[in-house]
Amino acid sequence: MKKRLLSAAAAAFFGVMLNAQQIKFEEYDLPNGMHVILHQDNTAPVVTTAVMYHVGAKDEVKGRTGFAHFFEHLLFEGTPNIKRGDWFKIVSSNGGQNNANTTMDRTYYYETFPSNNEQLGLWMEAERLRHAEINQIGVDTQREVVKEEKRLRMDNQPYGNLMNAIQQNLFTNHPYSGSVIGSIDDLNAAKLQEFRDFYKKFYVPNNATLVVAGDIKPEQTKKWISEYYGSIPKGTVTPKNFPKESPITQEAEKTVTDPNIQLPAYIFAYRSPSNKDRDSYILNMLSSYLSSGKSSVLYKKLVDKEKKALEVQAFNLGMEDYGVFGFFAIPMGATERKTLQTDIDAEIKKLQTTLISQEDYQKLQNKFENQFVNSNSSIQGIAASLATNHVLMGDTNLINKEIDIYRSITKQDLQNAAKKYLNSNQRVIINYVPEKK
């Protein structure tokens with residue numbers, strides 16, 4: 001009886017949390033095509049102003065990679081009204097913080113200010129969109145910044161190019177075969193006009209989504225948005241018709257070297273569906289079941305009990321057009337790849353032939369309920385979720401109903417996904433090994 005009462009109390013607690021989780025928002029389009037999402041939350045005196053541009057590394061052309069990420073840096077250089085070097089000074093001197101990031105699919109900028117500086121955040125992002133300064137000194141400066149970032153994060157970092165190795169070998173037609181940071185040679189070769197052309201092509205209001213979240217007065221916010229953004233001319237948005245991938249039907253094996261590692265890593269990578277596909281959610285659950293936490297099946301078996309691996313991980317990286325499901329393992333001692341492969345394949349086989357236990361299933365559901373609650377526990381998190389759900393998922397209200405997708409996933413769904421996507425003839429094995437001296 002006591003256990004049942006505790007379960008009921010836990011369910012009631014989650015119910016309260018999830019009801020409180022309902023995020024109210026309003027969305028509309030400006031005449032120039034810019035999509036606007038407003039979320040009012042007056043519980044704390046802060047406002048996040050964010051803009052997501054539907055341009056990422058996949059939108060670049062061969063021979064000119066790295067542009068989307070480069071612009072994440074370049075567009076802090078200034079505007080006719082913000083002197084070069086002043087962007088971060090303005091933000092910090094007004095009690096704010098800001099950042100930007102780039103993926104294969106989009107570029108995202110945001111400022112968070114005390115709510116009495118909401119207007120400042122809106123003006124700054126409008127400046128970035130309307131007339132960012134793109135000149136030779138800015139390009140030359142940021143090129144050096146990106147080179148250093150590539151050296152630190154990838155070229156001199158153990159396993160720093162591992163994700164690139166996966167994508168290069170999993171995608172042969174689609175531009176997901178590239179990397180977000182791109183090629184320094186491409187950036188070095190690019191002329192100033194090419195950067196200006198990229199800006200004109202992608203940094204237009206009808207390729208952008210503006211989110212204003214926090215302690216706002218919506219009617220005043222709308223007036224400022226109309227004033228700052230309404231007169232920015234509409235651009236021409238090129239349809240995203242990327243080459244499709246043929247299904248992988250035969251297991252392939254590739255070897256990639258890394259001069260910064262002493263221990264090899266083995267990756268078993270499968271192409272998975274777009275993150276808009278329900279099966280992508282199912283694969284998220286499968287990866288969590290397999291390797292999330294010390295009680296997960298692969299960690300318990302290979303790391304904890306049998307000491308065959310220093311590290312093991314299953315992951316599902318969902319992107320807009322395709323995804324990557326993979327297993328990553330670093331062997332312990334003299335453990336061979338074949339041993340790790342056999343054990344991983346055995347767990348896949350179990351998933352394909354036997355439903356997971358009710359206890360494990362409930363743990364998964366609890367974990368994803370908790371993640372859902374935590375993901376939108378801050379104004380910055382809410383702003384990012386609203387933008388992502390509109391731009392990449394095609395449904396802003398996923399911020400409220402995404403958990404219903406996870407709740408609808410059954411044990412049979414998990415088994416079916418393992419059968420559909422995790423067969424040995426559908427994968428690429430990557431031996432990521434130390435470079436011979």
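The values are calculated or read from the model by the stated rules, or taken from the named source; none is laboratory data. Only a predicted model underlies this, so the values are computations on that prediction, with no experimental measurement involved. Virtual Cβ from ideal backbone geometry, glycine too; neighbours counted across all protein chains shown. We work out accessible area using only protein heavy atoms, side chains counted, and drop any ligands, DNA or RNA first. Shrake-Rupley method; radii C 1.70, N 1.55, O 1.52, S 1.80 Å.
Do we have any residue at all in the range 148-155 that's in contact with a Leu (Cβ under 7 Å, 6 or more places away or on another chain) and part of a helix (DSSP H, G or I)?
No: zero hits.
Hey, any hits in the range 270-286 for a residue that's free of Cβ contacts under 8 Å to residues at least 12 places away in the same chain and either under 21 Å from Phe328 (Cα atoms) or surrounded by fewer than 13 Cβ atoms within 10 Å (Cβ to Cβ) (or both)?
no
Hey, does the range 41-57 have a residue that's in a strand (DSSP E or B), surrounded by 16 or more Cβ atoms within 10 Å (Cβ to Cβ) and of a type in the set (Gly, Ala, Ser)?
The answer is yes; a qualifying residue exists.
Can you find a residue in the range 112-119 that is open to solvent by less than 40 Å² (accessible area, probe 1.4 Å), among the β-branched types (Val, Ile, Thr), over 23 Å from Val61 (Cα atoms) and at pLDDT 95 or above?
Looking through the range 112-119, at least one residue is open to solvent by less than 40 Å² (accessible area, probe 1.4 Å), among the β-branched types (Val, Ile, Thr), over 23 Å from Val61 (Cα atoms) and at pLDDT 95 or above.
Taking the criterion of being in contact with a His (Cβ under 7 Å, 6 or more places away or on another chain), assigned to a helix (DSSP H, G or I) and closer than 30 Å to Ile379 by Cα, would at least one residue in the range 196-213 satisfy it?
yes
Could you say whether any residue in the range 343-364 is open to solvent by 70 Å² or more (accessible area, probe 1.4 Å), within 30 Å of Ile261 (Cα to Cα) and in a loop (DSSP other than H, G, I, E, B)?
There is no residue in the range 343-364 that is open to solvent by 70 Å² or more (accessible area, probe 1.4 Å), within 30 Å of Ile261 (Cα to Cα) and in a loop (DSSP other than H, G, I, E, B).
Please work out if Lys24 is under 24 Å from the mean Cα position of the chain (by Cα) and open to solvent by 80 Å² or more (accessible area, probe 1.4 Å).
Yes, satisfied.
Could you tell me whether Ile90 is among the hydrophobic types (A, V, I, L, M, F, W, C), open to solvent by 20 Å² or more (accessible area, probe 1.4 Å) and over 21 Å from the mean Cα position of the chain (by Cα)?
Yes.
Could you run through the range 197-240 and say how many residues are more than 23 Å from Phe71 (Cα to Cα) and modelled with pLDDT under 95?
Adding up the residues that qualify gives 0.
Among the residues that make up the range 232-255, is at least one of them under 30 Å from Ser115 (Cα atoms), out of contact with any helix residue (DSSP H, G or I) (no Cβ under 7 Å at 6 or more places or on another chain) and either without any contact (Cβ under 8 Å) to a residue 40 or more places away in the chain or in a loop (DSSP other than H, G, I, E, B) (or both)?
yes
Out of curiosity, is Thr221 touching a residue at least 40 places away in the same chain (Cβ under 8 Å) and open to solvent by 40 Å² or more (accessible area, probe 1.4 Å)?
When the stated conditions are applied, Thr221 does not pass them.
Quick test of your reading of the structure: Tyr299 fulfils all but one of (1) in a helix (DSSP H, G or I); (2) open to solvent by 30 Å² or more (accessible area, probe 1.4 Å); (3) at pLDDT 95 or above; (4) hydroxyl-bearing (Ser, Thr, Tyr). Name the failing condition by number.
If we test Tyr299 against (1) in a helix (DSSP H, G or I); (2) open to solvent by 30 Å² or more (accessible area, probe 1.4 Å); (3) at pLDDT 95 or above; (4) hydroxyl-bearing (Ser, Thr, Tyr), just (3) comes out false.
Pick from the range 165-189 the residues that are polar (S, T, N, Q) and not in a helix (DSSP H, G or I): which of them is farthest from Val428 (Cα to Cα)?
Restricting to residues being polar (S, T, N, Q) and not in a helix (DSSP H, G or I), the top hit is Ser183.
Any residue at all in the range 407-427 that's in contact (Cβ under 8 Å) with a residue 40 or more places away in the chain, touching a Phe, Trp or Tyr at 6+ places or on another chain (Cβ under 8 Å), more than 18 Å from Thr48 (Cα to Cα) and surrounded by fewer than 19 Cβ atoms within 10 Å (Cβ to Cβ)?
Yes.
Looking at Pro158 and the list (1) in a helix (DSSP H, G or I); (2) surrounded by fewer than 16 Cβ atoms within 10 Å (Cβ to Cβ); (3) of a type outside the set (S, T, N, Q), which single condition is not satisfied?
Condition (1) is where Pro158 drops out.
Counting just the residues of the range 235-264 that are open to solvent by 100 Å² or more (accessible area, probe 1.4 Å) and of a type in the set (D, E, K, R), which one comes out farthest from Ala334 (Cα to Cα)?
Going through the qualifying residues, I end up with Lys244.
Across the range 365-395, what is the total count of residues that are touching a helix residue (DSSP H, G or I) at 6+ places or on another chain (Cβ under 8 Å) and either open to solvent by less than 50 Å² (accessible area, probe 1.4 Å) or β-branched (Val, Ile, Thr) (or both)?
12
Looking only at the range 93-128, how many residues end up being outside any helix (DSSP H, G or I) and either within 25 Å of the chain's Cα centre (by Cα) or free of Cβ contacts under 8 Å to residues at least 40 places away in the same chain (or both)?
The number of residues fulfilling the criteria is 20.
For the subset of the range 322-334 comprising residues that are modelled with pLDDT of 95 or more and either farther than 21 Å from Leu414 by Cα or of a type in the set (Gly, Ala, Ser) (or both), which member is most open to solvent (accessible area, probe 1.4 Å)?
Looking at the filtered set, the residue picked out is Met332.
Given the criterion open to solvent by 30 Å² or more (accessible area, probe 1.4 Å) and touching a residue at least 40 places away in the same chain (Cβ under 8 Å), identify the matching residue among Leu290, Leu310.
Sole residue among the options that is open to solvent by 30 Å² or more (accessible area, probe 1.4 Å) and touching a residue at least 40 places away in the same chain (Cβ under 8 Å): Leu310.
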